[in-house]
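The values are calculated or read from the model by the stated rules, or taken from the named source; none is laboratory data. No experiment lies behind these values; they were computed from the predicted model shown. Glycine also receives a Cβ, built like all others from the backbone with ideal geometry; neighbour counts cover every protein chain displayed.
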2 protein chains.
Amino acid sequence: MLKSKVNVQEKRGQDTKERIIAAAIDLFSQEGYTGASIRDITGAVGIKESSLYHYFSSKQEIIEIIYASFKNALALERQAHESIPTVIKPYDSYLLLQNNLIFLKKMFDKPFMRKVYRVISMERYRDKQAFEIMSYDIYQSIAATHEIMFKKMIAAGIMKPLLDPDILSIEYTYAVMGIFGDYNILKYYEKSTTAIEDLMFEYVKFFWDRVKNI
Amino acid sequence: MLKSKVNVQEKRGQDTKERIIAAAIDLFSQEGYTGASIRDITGAVGIKESSLYHYFSSKQEIIEIIYASFKNALALERQAHESIPTVIKPYDSYLLLQNNLIFLKKMFDKPFMRKVYRVISMERYRDKQAFEIMSYDIYQSIAATHEIMFKKMIAAGIMKPLLDPDILSIEYTYAVMGIFGDYNILKYYEKSTTAIEDLMFEYVKFFWDRVKNI
DNA sequence: GTCTATAGGATGATAGAC
DNA sequence: GTCTATCATCCTATAGAC
C-alpha cells in the first residue's frame, strides 16, 4: 500500500521531469536557448520556477540532457537503418538513393528530431557542443554513410568509376542537408513546403542521372 | 568659428553612431541578438546606455539598420562583379568558375560581411527579416548568378548540354554556401581553416570536371 | 515534490540635469 | 551629446515551509 503510493509519486515526478524537458525542447526550438527562460518553461508546464530546480540543477543541465538524448536517438536511428541488408542491384540503385533520402526525411520529420535539430542549428554558433554535434554526429556521419553507399555502387559497376566517392558524398550531403535545413525552417514559418519537398526528390533524380554508369 | 565647432560636434556624433553600430555588429555576431545587451554595446563603445538612445530609439532599430546596410553592401558587390565583362572561352571557363568562387570568398571574408552573415545565419530561425535576407538576397541571388553562368557555358558549348542549369545551380550553390558556412564558423572558433579552404577549390575542380563538355 | 518568498543581478528604456 | 539616476520588469537560482 505504502509502496504503491511511493511509486505513484515517483511516476508523477518522472512525468513532471519529462514535461519540463518537452517544454524546454519546444521553447528552445522556437526562441533559442537564450531566448527561452526558466519562467517560460515552468509556465508552459504549469509549475513554479523553484520546482524545476528539484529536477535540474541549472538551465545548462537541461540543454545538455536534450543534446545527449538527441545524440542517442541519432545513433539508434543509424543502427536501425544499417541493420537493413542492402544488396545493390543495377535496377534498384536509384531506389536505394531514394530510400536513403526518405529515411533521412522521416528521421528529421519526427517532432523530437526536428525540434532539437533546429536548436542545434541555432546554437552551433555560440555553443561548441552544438557545433560538434552538427559537424560530427550529423554531417560527417551522414556523409560517411553516403560515401559507403557510393563505393558499393562503384564496386557493383552501376556508378561511374571515375568519380571520387569522398568528394561526391560531400557535395551530395551539403546539397541534401541544405534542402532539409530550408525545409525545416519553412515548416516553422508555416509556409508551404511542397516546392522544397519536390526539389528534394527532383534533386536525387538529377544526381542519380549524372552519376549512374551508362 | 562657431560653425566649425558645430561641425566638429556633429562629426563626433556621427562617429559615436558608427561606433555603436560597429560594436553592435561585433557583439551580435558573437553572442546573437538576444545574447548581446544594450549594456554590452555601450560598454564596448565607452558611453552610457542613455547616450545610445540619442541615436537609436530601440535595440531592434539597430539590427534593422545593420540588415539594411548589409543588403545594400550585397547589392553593391553584385553590381561590381557583374560589371566585369565575361567573354566565355573554352580554355578559361574553369578559371571563370574559380574566379566566381574567389569573388564570393573575398566578399564574405570582409569583416563587415562575415560578421553580419553570421548574425543572419543565427537569427534567421526567429527573425523573419533575417530569414528573408538569407533566402532571397543571398541564396536565390547567388544561385541565379550561377544559373546564368551555366547557361552561358552551355550556349558556348563548353558545358554538357543535357544538364539542367536550374537544378545544377541549386546543387552548386548549396554545396559552395555550405562549405562557406562551415568555414565561417571554424574561423570564429579559431580552428584551422586550411582544410576547408582546400576543399572549396577541390570541390570547384571536381564540379567542373563533371560538367565540362568532352 | 511543490509551494511562497526572496535574493541579487541583468535587461530595455526614460526623465531630466548639464 | 553625454551624463546621473531611476523605473519596471525580467533573469537564474536558493532557502525553507508544507
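Per-structure values
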quantity	calculated
For B:Q129: the one exception among (1) surrounded by 15 or more Cβ atoms within 10 Å (Cβ to Cβ); (2) within 25 Å of A:E123 (Cα to Cα); (3) within 16 Å of DNA strand D (Cβ to nearest atom)	(3)
Within region A:170-204, considering residues that are more than 9 Å from chain B (Cβ to nearest Cβ) and outside any helix (DSSP H, G or I), the one nearest to B:L168 (Cα to Cα)	A:T193
Subset tally (residues that are more than 12 Å from B:M149 (Cβ to Cβ) and without any contact (Cβ under 8 Å) to a residue 12 or more places away in the chain) for region B:91-111	8
Test: residue in region B:147-156 that is surrounded by 17 or more Cβ atoms within 10 Å (Cβ to Cβ), within 22 Å of the chain's Cα centre (by Cα) and closer than 18 Å to A:G181 by Cβ	no
Subset of region B:76-90 (residues that are touching a residue at least 60 places away in the same chain (Cβ under 8 Å) and among the aliphatic types (A, V, I, L, M))	B:I88
A:M122 vs. criteria assigned by TED's automatic domain parsing to the domain that holds A:A73, surrounded by 15 or more Cβ atoms within 10 Å (Cβ to Cβ) and modelled with pLDDT under 95	no
Sole exception among (1) surrounded by 13 or more Cβ atoms within 10 Å (Cβ to Cβ); (2) within 16 Å of DNA strand C (Cβ to nearest atom) for B:K48, by number	(1)
Test result for A:L74, within 15 Å of DNA strand C (Cβ to nearest atom) and surrounded by 17 or more Cβ atoms within 10 Å (Cβ to Cβ)	no
Sole residue being more than 30 Å from A:I21 (Cα to Cα), surrounded by 20 or more Cβ atoms within 10 Å (Cβ to Cβ) and outside the structural domain of A:G32 (by TED's automatic domain parsing), chosen from A:L162, A:L168	A:L168
